[in-house]
Structure formats: structure tokens, C-alpha cells
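Notes to accompany the following structure.
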Amino acid sequence: MTNLMYNTKDDTLINRAQLHQVVTPPPVGRFHRPVPFGEYVEVVDEALFSAGFEVTAEEYAVTKDGQRFFGMLEVAPKVLEGEYLPAKEFSFNVGVRGSHDQSIPRGIALGTQVMVCSNLCFHGEMGTASTKQTVNIYDRIVPMVHNAVGRLPELMEHQTKVFDQYKDYQFGSKRHGDAALVEIFRRGGFSAPQLARAIKEWDNPSYEEHLQYGDRSAWLLFNACTEALKPTGGHVNMDLVRARSQTAETFISEIIH
């Protein structure tokens with residue numbers, strides 16, 4: 001799992017068992033109610049299970065003072081007889097975060113492209129939700145998580161159809177894909193360095209699974225765009241990332257239809 005971004009100098013990568021061991025401080029005022037980090041993740045996990053999903057991979061990081069945490073859960077439909085959603089070769093991600101020092105709210109982010117970073121970037125293209133840690137947090141946090149996770153089956157079904165279209169569509173030649181990337185650049189979907197990276201990913205993808213549907217598929221082009229648009233560096237303009245991602249996806253959809 002590569003989407004959880006943390007500072008190796010200031011943050012510590014841990015597992016869920018270790019997350020449960022992070023000390024929860026007392027309230028700093030009568031309106032403050034800190035929720036243990038591990039307990040929050042269990043609420044998310046239970047909501048995923050109730051919606052028909054299971055966690056297939058997970059990763060967490062905490063600041064060295066233990067006041068903030070960030071996590072990413074990779075989820076997939078439960079593969080059991082009678083389940084309503086078939087397993088797919090791509091997964092969905094659920095980002096989580098929170099703090100004891102009130103620096104950030106408890107949050108959840110959903111999507112196939114989720115960004116969780118200790119520099120406070122937090123985004124999922126299928127939606128995000130958050131709540132402050134006041135005395136009535138459990139009156140809000142449990143419904144918030146269940147409402148967010150409850151949308152996953154519908155969102156996953158829609159995204160599956162879109163991805164199936166990407167996999168079925170084949171460009172006439174590799175040069176047609178080159179032209180598509182250049183057009184995305186003209187529409188503001190890439191910076192010049194990102195265009196260069198997208199072309200590199202189109203020619204020689206970093207992940208073998210991106211070639212599963214051929215070296216001229218819209219699926220490969222989509223993944224080339226996704227890799228090119230992954231944020232780098234400590235300062236990330238998520239509004240710009242979202243806008244560029246939307247530009248790329250809109251143009252690919254225009255080609256397919």
C-alpha cells in the first residue's frame with residue numbers, strides 16, 4: 001500500500017495492535033472527548049464488515065508524541081457464497097485520521113484514489129467526512145462512519161462499470177494514447193513534468209497489472225494518468241490534484257463514448 005504518506009523523521013509507522021497501545025490523554029476541557037485511535041479504527045472496521053467488505057491490508061502512522069494518527073485501509077468485497085458484490089482485481093481504500101490535541105478532526109475518506117498524509121492532505125474522490133472531538137462525539141462519529149461506508153456498495157458498482165469500460169477500450173495505436181495524453185495536458189490536466197511521467201508510464205508502466213488488458217487499453221492510460229498525478233513533496237494543493245484528475249477522467253470518458 002503506497003498512498004499513506006508520512007514523515008520518516010517525525011512520524012512512526014505502526015500496526016493496528018500498536019495503535020491500540022497509544023495512550024489516550026484526559027480531556028483538555030469539559031467539551032473535549034478524546035477517542036482512542038484504535039477504538040476509532042474498530043468502528044470503521046465494523047462498519048465495513050456490516051456493509052459486506054473486509055480489510056485486506058492496512059497501514060498506520062502516529063506522530064512521535066502520539067497526539068495524531070493517520071491510516072489507510074485497503075478493502076474488498078467479502079468473498080463468501082451469496083455475497084452481492086463480486087471480487088475485482090482492483091481494491092478500494094478507506095483513509096482515516098484523528099488527533100488527541102484537537103489539531104485535526106476525526107475523519108474518513110473513501111475512493112480508489114485516497115490521499116492520507118501527515119502534512120494534513122486528506123482526500124478521497126468518492127467523499128470525505130469529519131467531526132470534532134466534543135463530548136457528544138459518539139453521537140456523531142458512529143453514524144458518520146456508517147453513512148460513509150454504507151455508500152460504498154453503490155459507489156463501487158458504479159466505479160466497476162467505469163473501469164470495465166476502460167479495460168474494454170483499445171486505442172488504435174500507441175501514438176493515439178500519446179495524443180490523448182497531450183490533449184489532457186492542453187486542457188490543464190497535467191503540468192509539464194506530469195505529462196512526461198504519464199508518457200513514461202504509458203510506455204513502460206511501473207506495475208505489471210496495468211498491462212493486464214493490453215498495452216493500448218484505456219485502463220493503462222487511466223493508470224498512467226493516476227501515477228503521474230500522485231502528489232510529491234511536502235506541500236500539496238489537493239484542489240489542483242482533484243481538478244487535474246477530473247480533467248483526465250473526463251477526457252478519457254469522451255474518448256470511450
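The values are calculated or read from the model by the stated rules, or taken from the named source; none is laboratory data. Predicted, not measured: the structure shown is a model, and the values here were computed from it. Here Cβ is always computed from backbone atoms with ideal geometry, including for glycine, and neighbour counts include all displayed protein chains.
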Determine whether the stretch 150-171 contains at least one residue that is under 29 Å from Ala51 (Cα atoms) and small (Gly, Ala, Ser). yes
Pairs needed: first member in the stretch 226-254, assigned by TED's automatic domain parsing to the domain that holds Pro193; second member anywhere, at pLDDT below 80 and among the charged types (D, E, K, R); C-beta distance under 8 Å; at least 6 residues apart or different chains. Arg242/Glu125; Ser245/Glu125
What do you reckon, is Ile184 surrounded by 13 or more Cβ atoms within 10 Å (Cβ to Cβ), touching an Asp or Glu at 6+ places or on another chain (Cβ under 7 Å) and more than 17 Å from Thr112 (Cβ to Cβ)? no
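Residues that are assigned to a loop (DSSP other than H, G, I, E, B) and under 21 Å from the mean Cα position of the chain (by Cα): does the stretch 14-21 have at least one?
Yes, some residue in the stretch 14-21 is assigned to a loop (DSSP other than H, G, I, E, B) and under 21 Å from the mean Cα position of the chain (by Cα).
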Being under 21 Å from Met144 (Cα atoms) and among the β-branched types (Val, Ile, Thr) is the filter here; which residues of the stretch 42-66 pass it? Val43, Val44, Val55
Given the conditions (1) within 15 Å of Gly107 (Cα to Cα); (2) touching a residue at least 60 places away in the same chain (Cβ under 8 Å), every one holds for Ala51 apart from (1)
Taking interchain pairs and intrachain pairs at least six residues apart, which have beta carbon atoms under 9 angstrom, with the first residue in the stretch 203-218 and more than 21 Å from Ala179 (Cα to Cα) and the second among the acidic types (Asp, Glu) and not in a helix (DSSP H, G or I)? Glu209/Glu89; Gln212/Glu89
Hey, can you tell me all the residues within the stretch 143-194 that are over 20 Å from His257 (Cα atoms) and acidic (Asp, Glu)? Glu154
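Tell me which residues, restricted to the stretch 102-119, are assigned to a strand (DSSP E or B) and on the phi < 0 side of the Ramachandran plot. Talk me through it step by step, then tell me what you get.
First, the residues of the stretch 102-119 that are assigned to a strand (DSSP E or B): 106-111, 114-117.
Matches in the stretch 102-119: Arg106, Gly107, Ile108, Ala109, Leu110, Val114, Met115, Val116, Cys117.
Restricting attention to helices (runs of 4 or more DSSP H) lying wholly within the stretch 155-257, give those where 2 or more residues are charged (D, E, K, R) and over 29 Å from Thr128 (Cα atoms).
Filter on the stretch 155-257 gives 174-186, 192-203.
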